[in-house]
Every structure is written in C-alpha cells, then in structure tokens.
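Let me begin by presenting the structure, written as structure tokens, before commenting on it.
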Amino acid sequence: MKALIAALLLASAASAASAQQAPAPTPAAPAPAPTTPPRLIVVISVDQFSADLFQQYRNRFTGGFTRLLGGAVFPSGYQSHAATETCPGHSTILTGMRPAHTGIVANNWIDQSVARADKTVYCSEDETVPGTDHEHYVVSDKHLKVPTLGEMMKTARPATRVVSVAGKDRAAVMMGGHKVDELWWWDGKTYSSYAGRVVPRAVQRGRDAVAALIARPQEPLPLPGYCQALDRPITVAGKVFGQGRFAREAGDLKGFRASPASDAAVFAIAAGLIQDMKLGRGPETDIIDIGASATDYIGHSLGTQGTEMCIQMDQLDQTLGSFFATLDSWGLDYEVVLTADHGAHDMTERQQQRAMPMEEHVHADTSITAIDAQITAALGIKGPALVGAEGDVYLAKDLPARLRPRVLAEAQKRFAAMPQVAAAFTKAQIAAQPIATTPPETWTLLERARASFNPQVSGDLLVLLKPRVTTIETPKPGYVETHGSPWDYDRRVPILFWRKGMAGFEQPLSVETVDIAPTLAAQIGLPVKGLDGRCLDLDPGAGDTCAATR
C-alpha cells in the first residue's frame, strides 16, 4: 500500500511532467450494462468546485474527470439554499435534505444560551465541552439532525460498512453522519478522528507518507500548456497572485493543505481503507465518502483564475484517474458520484480587471457592528442590541422584551436601505414562506432563504448582499476570495454519476444536490421516504429505477 500512497502523492507533487505526456490508453471494449446493485458506492465532494469551474476545464480533462464525463452528467446541480457554505452544502449531499431540515444553516451560528463565554457555535463541534470555543473545539456530529445515506443503509442492512475521509472535519462528519465505521479528517497537522478510535493501518501509512512529504521542500509543479494564458500577476493585500506553482518550504503545513498534494493524500488514505477493510467485497453494498478540500483552500487563498487553480484542476483530474484505476485493478464493482458543497467566483480585484467592474468588497458601514451602533445611539439604549454570524443577525439576549420588536424593525429598515444589501428578511417572514417546489434557478431570495432556515438556530434577521458584493471587507494573505451568497455562481455545482457499463447522457436542466441520496438509494433498492430530494433516473431504458424511493 505504500506504493499506492506514493504514486498518488507523486501524481500531485512530482516535478516531472512525464505522466502528463503519457499516451492515452487503448479504449477497452464497452462493458455490459449493470443489472445488479453496485458493491461499493464512492461519493466525492470537491469543495468549492463550482459549475463555472467545471465548465471552464471540462474540455481539458484527460484523467478521472474524463471517465465521469462518460456517465450521467448534470452540469447544473444546485445547492439550492441561500447559505452556500461548506457545512450546509455537505449536509445536503448524502441526507437528501436541505439545511432547513438538516439543522446545518451555516458554518457558524450564534447560540446565546451556551455556558461558555464564546457564543459562536461551529457546525461540527460539541460546544458543551469545557474549555472549548468555536475555533478550538471537539469535533462532533450532534448538530446534524437527520441521517445520511450511509446511516440509512446500515440501519436497514447492518453489514454495510460506512467510511468517511476528508480534508476538513465538517466534510467528513456531514457526509458520514452518526453511524460510521471509520471517519478521518486533516486537523492541520495530521489525520484525526474522534477520541478513542484506533488508528487503522491505512491511515497510519497515510500519516507517515504525508509527514515525510511535508518535511521536504516542494519544487514548483509543472504548468500545463493550457494554463499559460492565466499566467498573469495581480497584487492583492501586498502579495502577488496568479503565477503560483505550489513550491513550498520544508515543514509548511498550510502550504500543503492548500495544494494538490493534500487531495492526493486523502484519496490515498481512502484507497487504503477500501483495500484493508475489503470494502465492496462484503455481503452488502458499502459506502465511502471522500471530501477533497484543496480546491476550496486554493480558491480562498489564491483565487480561481490564476495558474494556481489551473494546476489544481489538472492535478485533481490525474489523482482521480489514478484512484479509479486502482479500484479497477482490484476488480471492484463501484458506482461514483462527484459533486460539490458550493461554488464561488474569483477575487474581487481580478474580477474588476476582467469586465466585472461591479465587483466590490462589502463596506464597513454594512456590518452588524455599524448598524448596531446606529440603533443603540438612535434609541438611547446600552448595547449591544445585535449580535451576528455570517448573514444571520440575532437580537441580543439581554435586550428588554419591550424593545425587541422596535430594534428588529430598525435593524431590518437600516440593513435594507444599505446600497450593497439585496434583502433583509425577518425570522417570521422566512418561517411563513412555503418550501419551494419549482426549479431552483427560479426561486426568489425568500425561497432560497427558507431552504436554509431552521428556527432553532437561525437568526432573527437574515441579511443578503447584492450580486458581486463579497463578504470580504478587506482582503488579506490567505483570504482573498470567498462564497456564501444566495446567487447562482455560489449555488450551482456539477453532479456526475459513473458506473462501468452505464449508458452516458447529459441533462442540462437543473437538479439539486439533495437528489443524490434518493438516486443512490434507488441504485441499491433501498426504500427512502420523506426526503427533500427526488430520485434521478440514470437509466431511462431500464424501467422505473426510482420506484423504491416513491
């Protein structure tokens, strides 16, 4: 297995370009259409892999993405809710439920009832653990209110194995759920899991290989020819971007995390767990969830339209190809679905240079702090009257009951009047909005807000910025681009299904990420009811393949 880990890591970290220049393999004879359920389900989430990024590079892929493009292709998948962040997005992929039902309305929210001084709660933490805060936390699945597909499979068929591996804890937890056989994530230094878990050999091999890799300096990665047009410098926050090639010094943990090598390591560990646990060879269908997080770290720290993201797309394509080839060599019958937790768009400064002059950073006077200062001064009350996280604004816990309606009305009026704000909805307005049943691209802002509203944790007021206004007030090294808006550049992601023998097709009309779980359930004949998503028929010529989900 060490050879496999080395091969996958080197696919992203070697300085030689020979692998990219290798001749294409001779096409194999078409495989017969599958007639039985797959033995292994492989669910891949590429963090921040927008539909726009997929479209930009789909004609450049030669590795794993090329295989996926031969299956069922849905280029307009939607994370249909307004809160397009990592935790809410991952919570939809394998639950079949929108954040309104998963309870994961954001990466962070405010809970003024928690005992600790820090009232911000991270989506994948247990905030009741003494001595913690939302940045120094104990990872937990307690906030996920619904089961994942793996849990449903294990409940109905106990012999099912459920495994989740990711570059982020929230990706691993939200896709894996509450009943997992193995769950591992990169914690900033190594691969970790819940306290008390025995480290499997495959994970330890991955830990050792990654530690050795990080201990060495990394030479610049080769620049594919089609990336040369993006090789243009741009200076943001005193740093030059756009021409990076992932060279890093020995011991640079953050550099490793925001590089193609970190995705390769996650796939290597996933492959090792498949091999060691003999996933796909048991009495029931097994499932492994893989969260590839590097694209998000690269996007946030380096943007999406420089050489950095172009190299990442090329390297991820090759890593996927190596991973799939490894599974093929083991003779596994597996079905793959690849999607993303949200989209994104490029850094404001480069967008302004490239025909997007309306791009702008959010102004300081649009902040919760600024609006709170206005309200407390106008009403002559001691603040704060408002607290907040992300776009959710909460009335302060100690605000007298007689003042709460007035403060809320003032906050809504003042936020709505700001030139960069598209809408400000109260909790009552959102709660009164019926769940949308129309195609997601047609939803109003209020309908998008409703899809990620949960009365137990959502704010008293939700503030949504206008298109092309980024929530970054002042860019800084490591944070020059982001996402989280209700607009389609953050909502649209690809959804790609593949299985050997599947008749490929492309459906350009909109679907949703909540459709993935019921679709996979149908593939293995698992009855599921009451989900927000619907089953997508991946083989129209085989009769009603979605009957089990109705």
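The values are calculated or read from the model by the stated rules, or taken from the named source; none is laboratory data. Keep in mind the model is a prediction, meaning the values are calculated, not measured. Positions of Cβ are backbone-derived with ideal geometry, glycine not excepted, and every protein chain shown enters the neighbour counts.
Laid out as a table, the results:
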{"quantity": "Only listed residue being surrounded by fewer than 22 Cβ atoms within 10 Å (Cβ to Cβ), without any contact (Cβ under 8 Å) to a residue 24 or more places away in the chain and either in a helix (DSSP H, G or I) or out of contact with any Lys or Arg (no Cβ under 6 Å at 6 or more places or on another chain) (or both), chosen from L332, L399", "calculated": "L399"}
{"quantity": "Condition broken by M358, with the remaining ones in (1) closer than 19 Å to E473 by Cα; (2) not in a loop (DSSP other than H, G, I, E, B) satisfied", "calculated": "(2)"}
{"quantity": "Cβ pairs under 6 Å, 6+ apart, first in segment 423-437 and assigned by TED's automatic domain parsing to the domain that holds A449 and among the charged types (D, E, K, R), second modelled with pLDDT of 95 or more and not in a strand (DSSP E or B)", "calculated": "K427/D460"}
{"quantity": "Residue tally, condition surrounded by fewer than 19 Cβ atoms within 10 Å (Cβ to Cβ) and in a loop (DSSP other than H, G, I, E, B), over segment 203-223", "calculated": "5"}
{"quantity": "Long-range neighbours under 8 Å by Cβ, at least six apart or interchain, first residue without any contact (Cβ under 8 Å) to a residue 40 or more places away in the chain within segment 250-261, second assigned to a loop (DSSP other than H, G, I, E, B)", "calculated": "A250/R216; A250/P217; G255/F246; G255/E249"}
{"quantity": "Residues satisfying the stated conditions in segment 498-538, i.e. closer than 16 Å to T36 by Cα and surrounded by 17 or more Cβ atoms within 10 Å (Cβ to Cβ)", "calculated": "W498, R499, K500, M502, T519, L520, A521, A522, Q523, I524, L526, L538"}
{"quantity": "Contacts under 8 angstrom Cβ, first residue in segment 339-364 being hydroxyl-bearing (S, T, Y), partner in a helix (DSSP H, G or I), 6 or more apart", "calculated": "T339/I93; T339/T513; T339/I516"}
{"quantity": "Residues that are in contact with a Lys or Arg (Cβ under 9 Å, 6 or more places away or on another chain), assigned to a strand (DSSP E or B) and aliphatic (A, V, I, L, M), drawn from segment 275-302", "calculated": "I287, I288"}
{"quantity": "Candidates A431, A424, A389, filtered to the one that is buried (at least 17 other Cβ atoms within 10 Å of the Cβ) and out of contact with any helix residue (DSSP H, G or I) (no Cβ under 6 Å at 6 or more places or on another chain)", "calculated": "A389"}
{"quantity": "Members of segment 224-270 found to be in a loop (DSSP other than H, G, I, E, B) and of a type in the set (A, V, I, L, M), listed by number", "calculated": "A237, A247, A250, A258"}
{"quantity": "Some residue of segment 21-37 being closer than 23 Å to R201 by Cβ, at pLDDT 50 or above, of a type outside the set (D, E) and not assigned by TED's automatic domain parsing to the domain that holds Q79", "calculated": "no"}
{"quantity": "Condition met for G238 (at positive phi and either modelled with pLDDT under 95 or polar (S, T, N, Q) (or both))", "calculated": "yes"}
